[in-house]
Structure formats: C-alpha cells, structure tokens
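Read through the structure below, which is laid out as structure tokens, and then see the notes.
Just so it is clear, none of the values below were taken in a lab; they were calculated from the coordinates. Only a predicted model underlies this, so the values are computations on that prediction, with no experimental measurement involved. Positions of Cβ are backbone-derived with ideal geometry, glycine not excepted, and every protein chain shown enters the neighbour counts.
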Amino acid sequence: MKTYLTILVNSEGAPPSEIKNQLLNMGFKATKGNYDFVYEWKDKHSDVNELVWFADKVHSALKNSKVYFTIETS
C-alpha cells in the first residue's frame with residue numbers, strides 16, 4: 001500500500017526545501033511524475049482509521065507553512 005502526496009507551495013509560505021525535509025522526516029520519499037512524494041506502508045492492510053490518522057499527521061507537519069496538499073492512498 002502506498003500514500004501519494006502532491007504539494008502546492010505558496011511564495012508567501014515555507015520554502016520548498018523545508019517542506020521536503022519535513023516530509024522526508026516522516027518517511028516519505030521524493031518522487032517524479034504525477035505526485036511529489038510517496039509513503040510506502042509496511043502493513044499492507046491498514047484500515048481507514050489509520051489512514052485518516054496519518055493524513056492528520058501530515059496536516060500537522062505542514063500546518064502554518066501555507067501549502068496545499070492532496071493525499072491519495074492505494
């Protein structure tokens with residue numbers, strides 16, 4: 001299972017390098033293509049509550065950085 005993240009940065013917010021470092025510290029890997037970052041789950045059978053908890057964790061990490069993000073897990 002993988003969680004994909006797309007980031008939209010704001011010129012009035014945190015620098016992209018800072019955002020990248022925060023996400024890498026969470027276990028994301030930078031990627032190319034349709035998504036900016038990917039998180040590979042060790043547990044292939046995480047439930048919806050765990051996925052929402054993880055999305056909340058991403059939200060908290062990016063709070064006050066003035067970025068928008070989309071998250072998709074498959």
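So what is the relative contact order for the chain, in percent, with contacts set as C-alpha pairs under 8 Å and at least six apart? Show your work: numbers first, answer last.
Details: 92 pairs, mean separation 41.0, N = 74.
It comes to 55 percent, rounded to a whole number.
Rounded, prolate or oblate, given the Cα gyration tensor of the chain, with a/c below 1.5 counting as rounded?
Numbers: a/c = 2.10, a/b = 1.62, b/c = 1.29.
In terms of gyration-tensor shape, prolate.
About its Cα centre, how strong a charge dipole does the chain have in debye, to the nearest 20, once Lys and Arg get +1 and Asp and Glu get -1 at the Cβ? Could you put the intermediate results ahead of the total?
Numbers: 9 positive and 9 negative charges, 40 e Å.
With Lys and Arg at +1 and Asp and Glu at -1, about 200 debye.
Quick query: amide H of PHE37 versus all other amide H atoms, modeled in the peptide plane; which residues come in under 5 Å with a sequence gap of 5 or more or a different chain?
LEU5, THR31
Could you state the angle between the C-alpha long axis of helix 48-62 and the longest principal axis of the C-alpha atoms of the chain, as a value from 0 to 90 degrees rounded to the nearest 10?
For 48-62 against the chain, the angle is about 20 degrees.
Compute, for the range 1-44, the length of the dipole vector about the Cα centre, with Cβ point charges of +1 (Lys, Arg) and -1 (Asp, Glu) only. Units Debye, rounded to 20. Provide the component values of the computation, followed by the final result.
Details: 6 positive and 5 negative charges, 55 e Å.
Rounded to the nearest 20 debye, it is 260 debye.
Provide the net charge surrounding GLU40, with neighbours chosen by a C-beta distance below 13 Å and charges set as Lys +1, Arg +1, Asp -1, Glu -1.
Numbers: positive: LYS2, LYS29, LYS42, LYS44; negative: ASP43.
Residues close to GLU40 contribute a combined charge of +3.
Around LYS57, under 14 Å between beta carbons, what's the net of Lys plus Arg minus Asp minus Glu among the other residues? Numbers along the way, then the final one.
Details: positive: LYS63; negative: GLU50, ASP56.
In short, -1.
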